[in-house]
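Following: one structure in C-alpha coordinates, then a few remarks.
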Amino acid sequence: MNNPVNPVNPEILSNWDEEAELSLLETLDHVLNRGLVIAGEITISVADIDLIFVGLNVMVSSVETAREVLRRREME
Amino acid sequence: MSAPAFYVYCIAESAAAAELPAASLPAAIEDGSKLEWVVVDALAALVSPVPRETYNEESLTEHLNDATWTAIRAMRHETVMEHVVKRTSAVPLRFGTIYLERDGIERMLSERSSELEEIIEKLRGREEWGVNVYVDRAVLMSSITAVSPVLREMVERAAQASPGQSYLIQKKIDALKVDEVRASVNRIVDEIEEKLKAQSEDGKRLRILKVETTEHGELKAKFAFLVKGFDEFRDAAEQLAQEHQAAGVRLELTGPWPVYNFVTGLQDGRKLT
(Lines give C-alpha, C1' and ligand atoms only; values in the text may rest on other atoms or scores of the structure.)
Protein backbone atom coordinates (compact mmCIF):
# COMPACT_ATOMS: atom_id res chain seq x y z
CA MET A 1 0.00 0.00 0.00
CA ASN A 2 2.53 2.60 -1.06
CA ASN A 3 -0.05 4.72 -2.70
CA PRO A 4 -3.26 4.26 -0.80
CA VAL A 5 -5.37 6.63 -2.88
CA ASN A 6 -7.30 5.72 -5.94
CA PRO A 7 -8.71 8.51 -8.05
CA VAL A 8 -11.68 9.94 -6.28
CA ASN A 9 -15.11 10.23 -7.72
CA PRO A 10 -15.55 14.00 -7.34
CA GLU A 11 -19.32 13.88 -7.71
CA ILE A 12 -19.70 12.38 -4.31
CA LEU A 13 -18.01 15.41 -2.78
CA SER A 14 -19.16 18.18 -5.04
CA ASN A 15 -22.06 19.18 -2.83
CA TRP A 16 -19.95 19.61 0.24
CA ASP A 17 -18.93 23.11 1.14
CA GLU A 18 -15.58 23.93 2.63
CA GLU A 19 -16.72 23.74 6.19
CA ALA A 20 -18.16 20.30 5.54
CA GLU A 21 -14.81 19.26 4.11
CA LEU A 22 -12.99 20.38 7.18
CA SER A 23 -15.43 18.60 9.42
CA LEU A 24 -15.15 15.55 7.18
CA LEU A 25 -11.43 15.51 7.72
CA GLU A 26 -11.84 15.94 11.45
CA THR A 27 -14.46 13.19 11.52
CA LEU A 28 -12.37 10.78 9.50
CA ASP A 29 -9.47 11.41 11.81
CA HIS A 30 -11.64 10.53 14.79
CA VAL A 31 -13.40 7.56 13.30
CA LEU A 32 -10.40 5.94 11.68
CA ASN A 33 -7.78 6.34 14.33
CA ARG A 34 -9.55 5.51 17.51
CA GLY A 35 -12.08 3.49 19.37
CA LEU A 36 -11.83 0.34 21.41
CA VAL A 37 -9.88 -2.35 19.62
CA ILE A 38 -11.76 -5.51 20.27
CA ALA A 39 -10.58 -8.46 18.29
CA GLY A 40 -13.12 -9.33 15.67
CA GLU A 41 -12.36 -11.98 13.11
CA ILE A 42 -11.26 -9.15 10.88
CA THR A 43 -9.90 -5.98 12.36
CA ILE A 44 -8.09 -3.30 10.44
CA SER A 45 -4.58 -2.96 11.79
CA VAL A 46 -3.30 0.33 13.14
CA ALA A 47 -0.80 0.68 10.31
CA ASP A 48 -3.59 0.32 7.75
CA ILE A 49 -5.59 3.00 9.48
CA ASP A 50 -2.75 5.50 9.24
CA LEU A 51 -2.39 4.79 5.55
CA ILE A 52 -6.10 5.13 4.96
CA PHE A 53 -6.10 8.42 6.77
CA VAL A 54 -3.17 9.78 4.81
CA GLY A 55 -4.99 8.72 1.66
CA LEU A 56 -8.16 10.49 2.73
CA ASN A 57 -6.17 13.58 3.54
CA VAL A 58 -4.89 13.63 0.01
CA MET A 59 -8.43 13.17 -1.21
CA VAL A 60 -9.75 16.12 0.76
CA SER A 61 -6.81 18.29 -0.27
CA SER A 62 -7.31 17.38 -3.90
CA VAL A 63 -10.92 18.47 -3.67
CA GLU A 64 -9.75 21.74 -2.13
CA THR A 65 -7.15 22.22 -4.83
CA ALA A 66 -9.72 21.61 -7.55
CA ARG A 67 -11.97 24.23 -5.97
CA GLU A 68 -9.10 26.69 -5.74
CA VAL A 69 -8.30 26.28 -9.44
CA LEU A 70 -11.94 26.77 -10.36
CA ARG A 71 -12.18 29.91 -8.27
CA ARG A 72 -9.10 31.37 -9.89
CA ARG A 73 -10.47 30.66 -13.34
CA GLU A 74 -13.68 32.40 -12.45
CA MET A 75 -11.79 35.46 -11.32
CA GLU A 76 -9.72 35.71 -14.48
CA MET B 1 -25.86 -14.93 -1.62
CA SER B 2 -23.64 -16.42 1.09
CA ALA B 3 -24.25 -15.78 4.76
CA PRO B 4 -23.32 -12.24 5.82
CA ALA B 5 -20.56 -11.13 8.15
CA PHE B 6 -21.28 -8.60 10.90
CA TYR B 7 -19.94 -5.12 11.30
CA VAL B 8 -19.86 -4.07 14.97
CA TYR B 9 -20.24 -0.38 15.86
CA CYS B 10 -20.47 -0.17 19.62
CA ILE B 11 -21.55 -1.84 22.83
CA ALA B 12 -24.19 -0.52 25.22
CA GLU B 13 -26.37 -1.82 28.02
CA SER B 14 -29.28 -4.04 27.01
CA ALA B 15 -31.71 -1.81 28.88
CA ALA B 16 -30.57 1.20 26.87
CA ALA B 17 -30.63 -0.80 23.65
CA ALA B 18 -34.28 -1.67 24.28
CA GLU B 19 -35.03 2.07 24.21
CA LEU B 20 -33.36 2.38 20.80
CA PRO B 21 -35.29 0.02 18.54
CA ALA B 22 -33.66 -0.85 15.25
CA ALA B 23 -36.29 1.04 13.27
CA SER B 24 -35.38 4.32 14.99
CA LEU B 25 -31.68 4.07 14.13
CA PRO B 26 -29.82 5.73 11.24
CA ALA B 27 -28.68 3.98 8.05
CA ALA B 28 -26.25 1.08 8.38
CA ILE B 29 -22.78 1.06 6.86
CA GLU B 30 -23.99 -0.82 3.79
CA ASP B 31 -27.01 0.09 1.68
CA GLY B 32 -30.00 -2.14 2.07
CA SER B 33 -29.03 -3.59 5.43
CA LYS B 34 -30.39 -2.73 8.85
CA LEU B 35 -28.85 -2.17 12.23
CA GLU B 36 -29.70 -4.65 14.96
CA TRP B 37 -28.77 -5.33 18.55
CA VAL B 38 -27.10 -8.57 19.53
CA VAL B 39 -28.06 -8.99 23.17
CA VAL B 40 -26.34 -11.15 25.78
CA ASP B 41 -27.61 -10.60 29.31
CA ALA B 42 -26.89 -7.00 30.37
CA LEU B 43 -24.94 -6.04 27.24
CA ALA B 44 -25.85 -5.40 23.63
CA ALA B 45 -23.69 -4.92 20.57
CA LEU B 46 -24.97 -2.75 17.72
CA VAL B 47 -24.25 -4.54 14.45
CA SER B 48 -25.34 -4.71 10.83
CA PRO B 49 -24.87 -7.47 8.28
CA VAL B 50 -22.26 -6.83 5.58
CA PRO B 51 -21.45 -8.95 2.53
CA ARG B 52 -18.57 -11.33 3.15
CA GLU B 53 -17.36 -10.82 -0.42
CA THR B 54 -16.60 -7.20 0.41
CA TYR B 55 -15.57 -7.49 4.04
CA ASN B 56 -13.17 -10.40 3.95
CA GLU B 57 -9.61 -9.50 4.79
CA GLU B 58 -8.30 -9.27 1.25
CA SER B 59 -11.22 -7.50 -0.33
CA LEU B 60 -11.61 -5.06 2.55
CA THR B 61 -7.99 -3.95 2.25
CA GLU B 62 -8.59 -3.26 -1.42
CA HIS B 63 -11.74 -1.29 -0.76
CA LEU B 64 -10.00 0.79 1.88
CA ASN B 65 -7.63 2.02 -0.82
CA ASP B 66 -10.62 3.64 -2.44
CA ALA B 67 -10.87 6.95 -0.63
CA THR B 68 -14.46 7.61 -1.62
CA TRP B 69 -15.61 4.17 -0.51
CA THR B 70 -13.89 4.57 2.84
CA ALA B 71 -15.06 8.14 3.43
CA ILE B 72 -18.69 7.14 2.94
CA ARG B 73 -18.36 4.18 5.33
CA ALA B 74 -16.53 6.23 7.94
CA MET B 75 -19.25 8.90 7.87
CA ARG B 76 -21.98 6.29 8.23
CA HIS B 77 -20.11 4.72 11.14
CA GLU B 78 -19.90 8.13 12.78
CA THR B 79 -23.58 8.96 12.16
CA VAL B 80 -24.60 5.72 13.89
CA MET B 81 -22.26 6.40 16.79
CA GLU B 82 -23.45 9.96 17.27
CA HIS B 83 -27.05 8.84 17.32
CA VAL B 84 -26.36 6.27 20.03
CA VAL B 85 -24.06 8.27 22.31
CA LYS B 86 -26.48 11.20 22.30
CA ARG B 87 -28.92 8.85 24.04
CA THR B 88 -26.88 6.50 26.18
CA SER B 89 -23.43 5.54 27.35
CA ALA B 90 -21.78 3.26 24.78
CA VAL B 91 -18.32 1.93 24.03
CA PRO B 92 -17.27 2.95 20.52
CA LEU B 93 -15.36 0.26 18.66
CA ARG B 94 -12.69 0.96 16.14
CA PHE B 95 -13.81 1.40 12.55
CA GLY B 96 -13.70 -1.90 10.70
CA THR B 97 -14.37 -4.45 13.42
CA ILE B 98 -15.91 -7.44 11.67
CA TYR B 99 -17.23 -10.73 12.97
CA LEU B 100 -17.87 -13.56 10.56
CA GLU B 101 -20.38 -15.25 12.84
CA ARG B 102 -23.00 -13.95 15.22
CA ASP B 103 -21.70 -16.49 17.74
CA GLY B 104 -18.40 -14.68 17.90
CA ILE B 105 -20.10 -11.44 18.98
CA GLU B 106 -22.12 -13.24 21.63
CA ARG B 107 -19.01 -14.93 22.97
CA MET B 108 -17.15 -11.62 23.08
CA LEU B 109 -20.01 -9.95 24.97
CA SER B 110 -20.14 -12.67 27.59
CA GLU B 111 -16.39 -13.19 28.00
CA ARG B 112 -15.62 -9.50 28.34
CA SER B 113 -18.78 -8.40 30.09
CA SER B 114 -17.23 -7.08 33.30
CA GLU B 115 -14.60 -5.08 31.45
CA LEU B 116 -17.16 -3.64 29.02
CA GLU B 117 -19.57 -2.75 31.82
CA GLU B 118 -16.75 -0.96 33.57
CA ILE B 119 -16.02 1.17 30.51
CA ILE B 120 -19.71 1.97 29.98
CA GLU B 121 -19.88 3.17 33.59
CA LYS B 122 -16.74 5.26 33.22
CA LEU B 123 -18.13 6.97 30.13
CA ARG B 124 -21.58 7.73 31.49
CA GLY B 125 -22.40 11.42 31.21
CA ARG B 126 -19.04 12.16 29.58
CA GLU B 127 -18.29 13.61 26.19
CA GLU B 128 -15.14 13.81 24.21
CA TRP B 129 -14.09 17.23 22.99
CA GLY B 130 -11.30 17.93 20.57
CA VAL B 131 -9.12 21.01 20.88
CA ASN B 132 -6.98 22.14 17.98
CA VAL B 133 -4.36 24.79 18.59
CA TYR B 134 -3.40 27.00 15.66
CA VAL B 135 -0.61 29.52 15.68
CA ASP B 136 -0.27 32.38 13.21
CA ARG B 137 3.48 32.67 12.98
CA ALA B 138 3.50 36.17 11.53
CA VAL B 139 1.37 37.48 14.39
CA LEU B 140 3.48 35.70 16.99
CA MET B 141 6.70 36.96 15.41
CA SER B 142 5.47 40.55 15.52
CA SER B 143 4.42 40.30 19.16
CA ILE B 144 7.22 38.06 20.38
CA THR B 145 9.01 40.73 22.40
CA ALA B 146 5.85 41.08 24.48
CA VAL B 147 5.05 37.36 24.59
CA SER B 148 8.45 35.98 25.57
CA PRO B 149 9.48 36.69 29.17
CA VAL B 150 13.15 36.56 28.17
CA LEU B 151 12.78 39.14 25.42
CA ARG B 152 10.47 41.31 27.50
CA GLU B 153 13.14 41.60 30.11
CA MET B 154 15.76 42.46 27.50
CA VAL B 155 13.56 45.17 26.00
CA GLU B 156 13.22 46.75 29.42
CA ARG B 157 16.96 46.67 29.90
CA ALA B 158 17.54 48.22 26.47
CA ALA B 159 15.21 51.06 27.32
CA GLN B 160 17.29 51.98 30.36
CA ALA B 161 20.71 51.38 28.83
CA SER B 162 23.02 53.80 27.08
CA PRO B 163 22.54 54.12 23.30
CA GLY B 164 25.54 51.86 22.64
CA GLN B 165 24.46 49.15 25.03
CA SER B 166 20.89 49.46 23.85
CA TYR B 167 22.01 48.81 20.29
CA LEU B 168 23.85 45.66 21.35
CA ILE B 169 20.86 44.37 23.34
CA GLN B 170 18.60 45.05 20.37
CA LYS B 171 20.94 42.97 18.17
CA LYS B 172 20.71 40.15 20.68
CA ILE B 173 16.93 40.38 20.78
CA ASP B 174 16.75 40.04 16.99
CA ALA B 175 19.01 37.00 17.09
CA LEU B 176 16.86 35.33 19.74
CA LYS B 177 13.48 35.99 18.14
CA VAL B 178 13.21 32.81 16.07
CA ASP B 179 14.14 30.54 18.98
CA GLU B 180 11.78 32.41 21.27
CA VAL B 181 8.90 31.95 18.82
CA ARG B 182 9.45 28.19 18.99
CA ALA B 183 9.81 28.20 22.76
CA SER B 184 6.68 30.32 23.17
CA VAL B 185 4.60 27.97 21.03
CA ASN B 186 5.67 25.03 23.20
CA ARG B 187 5.05 26.92 26.41
CA ILE B 188 1.58 28.08 25.35
CA VAL B 189 0.59 24.63 24.07
CA ASP B 190 1.74 23.05 27.35
CA GLU B 191 -0.23 25.61 29.32
CA ILE B 192 -3.37 24.94 27.29
CA GLU B 193 -2.97 21.21 27.87
CA GLU B 194 -2.45 21.61 31.59
CA LYS B 195 -5.34 24.02 32.15
CA LEU B 196 -7.82 22.04 30.09
CA LYS B 197 -6.77 18.82 31.77
CA ALA B 198 -7.68 20.48 35.05
CA GLN B 199 -11.17 21.17 33.63
CA SER B 200 -11.68 17.61 32.40
CA GLU B 201 -11.29 14.03 33.61
CA ASP B 202 -8.62 13.03 31.18
CA GLY B 203 -6.71 14.52 28.30
CA LYS B 204 -4.63 13.16 25.48
CA ARG B 205 -2.35 14.72 22.99
CA LEU B 206 -3.09 13.36 19.53
CA ARG B 207 -0.78 12.92 16.63
CA ILE B 208 -0.98 15.42 13.84
CA LEU B 209 -1.17 13.35 10.70
CA LYS B 210 -1.40 16.29 8.39
CA VAL B 211 0.30 19.66 8.69
CA GLU B 212 -2.64 21.92 8.28
CA THR B 213 -2.29 25.55 7.48
CA THR B 214 -5.45 27.58 7.59
CA GLU B 215 -6.09 31.30 7.41
CA HIS B 216 -5.69 31.26 11.19
CA GLY B 217 -2.24 29.75 11.13
CA GLU B 218 -0.63 26.38 11.38
CA LEU B 219 -2.00 23.48 13.40
CA LYS B 220 0.48 23.07 16.26
CA ALA B 221 -1.27 20.66 18.59
CA LYS B 222 -4.33 18.46 18.75
CA PHE B 223 -5.89 17.25 21.98
CA ALA B 224 -8.83 15.15 23.07
CA PHE B 225 -10.42 15.63 26.48
CA LEU B 226 -12.88 13.52 28.43
CA VAL B 227 -15.35 16.13 29.59
CA LYS B 228 -18.04 16.07 32.23
CA GLY B 229 -19.60 19.50 32.42
CA PHE B 230 -19.03 21.17 29.09
CA ASP B 231 -19.80 24.72 30.22
CA GLU B 232 -16.81 24.95 32.55
CA PHE B 233 -14.62 23.35 29.94
CA ARG B 234 -15.71 25.78 27.25
CA ASP B 235 -15.24 28.74 29.58
CA ALA B 236 -11.69 27.63 30.33
CA ALA B 237 -10.96 27.20 26.62
CA GLU B 238 -12.38 30.63 25.83
CA GLN B 239 -10.31 32.23 28.53
CA LEU B 240 -7.15 30.60 27.20
CA ALA B 241 -8.03 31.72 23.69
CA GLN B 242 -8.38 35.31 24.89
CA GLU B 243 -5.17 35.23 26.90
CA HIS B 244 -3.12 34.05 23.97
CA GLN B 245 -4.88 35.84 21.15
CA ALA B 246 -2.21 38.52 20.93
CA ALA B 247 0.38 35.79 20.42
CA GLY B 248 -1.43 34.65 17.27
CA VAL B 249 -2.90 31.59 18.99
CA ARG B 250 -6.33 30.31 18.11
CA LEU B 251 -8.21 27.44 19.74
CA GLU B 252 -10.76 25.38 17.88
CA LEU B 253 -13.17 23.15 19.77
CA THR B 254 -14.67 20.15 18.02
CA GLY B 255 -17.28 17.81 19.36
CA PRO B 256 -18.99 16.35 21.14
CA TRP B 257 -17.51 13.11 19.84
CA PRO B 258 -18.22 9.56 20.83
CA VAL B 259 -15.56 8.83 23.41
CA TYR B 260 -13.16 7.33 20.89
CA ASN B 261 -9.96 8.28 22.66
CA PHE B 262 -10.66 7.12 26.16
CA VAL B 263 -11.54 3.49 25.70
CA THR B 264 -8.18 2.18 24.63
CA GLY B 265 -6.86 1.29 28.07
CA LEU B 266 -8.26 -2.19 28.09
CA GLN B 267 -7.30 -3.48 24.67
CA ASP B 268 -5.46 -6.76 24.65
CA GLY B 269 -5.65 -7.96 21.09
CA ARG B 270 -7.02 -11.33 22.15
CA LYS B 271 -8.53 -13.37 19.39
CA LEU B 272 -11.95 -14.62 20.34
CA THR B 273 -12.73 -17.06 17.60
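The values are calculated or read from the model by the stated rules, or taken from the named source; none is laboratory data. Everything numeric here is computed off the predicted structure, so don't read it as measured data. So basically every Cβ, Gly included, is an ideal-geometry build from the backbone, and we count neighbours across all protein chains shown. The area values use the complete protein model at the heavy-atom level, side chains included, leaving out ligands, DNA and RNA. Shrake-Rupley method; radii C 1.70, N 1.55, O 1.52, S 1.80 Å.
Over the range B:1-148, Cα pairs under 8 Å with separation of 6+ residues give a relative contact order of 31 percent.
With R₀ fixed at 25 Å, the C-beta to C-beta distance from B:E238 to B:V150 puts the FRET efficiency at about 0.35.
For the range B:64-175, the direction-averaged projected area of the alpha-carbon convex hull comes to 13.8 nm².
Placing dummy labels 7 Å off each Cα toward the beta-carbon, the span from B:R52 to B:Q160 is 8.2 nm. Between the residues A:N57, B:A17, B:P92, the greatest Cα displacement towards the positive end of the dipole of the protein assembly as shown, with unit charges on the Cβ of Lys, Arg, Asp and Glu, is found for A:N57.
With both labels modelled 7 Å from their Cα along Cα-to-Cβ, the B:K210 to B:R182 distance reads 2.7 nm. Relative to the longest principal axis of the Cα atoms of chain B, the long axis of helix B:163-198 lies at roughly 20 degrees. Pairs from the table (B:K86/B:K204; B:K34/B:K204; B:K122/B:K222; B:K34/B:K220) lying more than 30 angstrom apart at Cα are B:K34/B:K204; B:K34/B:K220. Between chain B and chain A, roughly 4300 Å² of accessible surface gets buried, counting both sides and using a 1.4 Å probe. Based on Cα atoms of chain B, Rg over Rh with Rh as the Kirkwood radius reads 1.14. The slack in the chain from B:S110 to B:S2, taken as 0.36 nm per residue of separation less the alpha-carbon distance, amounts to 36.2 nm.
For the protein assembly as shown, give the magnitude of the charge dipole about the Cα centre (Cβ charges: +1 Lys/Arg, -1 Asp/Glu; no others), in debye to the nearest 20. Before the final figure, lay out the partial values.
Values: 39 positive and 59 negative charges, 199 e Å.
It comes to approximately 960 debye.
Taken residue by residue and averaged, Cβ atoms of other chains lying within 10 Å of the Cβ of A:49-56 number 5. Of the solvent-accessible surface of the range B:1-127, computed with a 1.4 Å probe and all protein chains present, 49% belongs to carbon and sulfur.
What you get for the range B:97-164, charging only the Cβ of Lys and Arg (+1) and of Asp and Glu (-1), is a dipole of about 560 debye around the Cα centre. In the range B:141-207, inverting the average of 1/r over every pair of distinct C-alpha atoms gives 13.7 Å as the Kirkwood radius.
Helix B:149-160 axis versus longest C-alpha principal axis of chain B: approximately 10°, rounded to the nearest ten.
Ligands, DNA and RNA aside, A:I52 has an accessible area near 10 Å² when probed at 1.4 Å. Under a 5 Å amide H cut-off, with hydrogens placed 1.01 Å from N, B:C10 pairs with B:L46, B:L93 among residues at least 5 apart or on other chains.
For the range B:1-88, trypsin sites (Lys or Arg not before Pro) meeting the loop criterion (DSSP other than H, G, I, E, B) and having at most 13 other Cβ atoms within 10 Å: B:K34, B:K86, B:R87. A:L70 contributes an accessible area of around 100 Å² to the protein surface, as traced by a 1.4 Å probe with all chains present. The mean number of Cβ atoms from other chains found within 10 Å of a Cβ in peptide B:206-214 is 4, as a whole number.
B:K228 exposes around 120 Å² of accessible area when a 1.4 Å probe is run over every protein chain in place. Which distance in Å, rounded to a whole number, links the C-alpha centroids of the range B:181-252 and the range B:127-180? One Cα centre to the other: 21 Å. Computed about the Cα centre, the dipole magnitude for the range B:46-178 is approximately 920 debye when only Lys and Arg (+1) and Asp and Glu (-1) carry charge, each at its Cβ.
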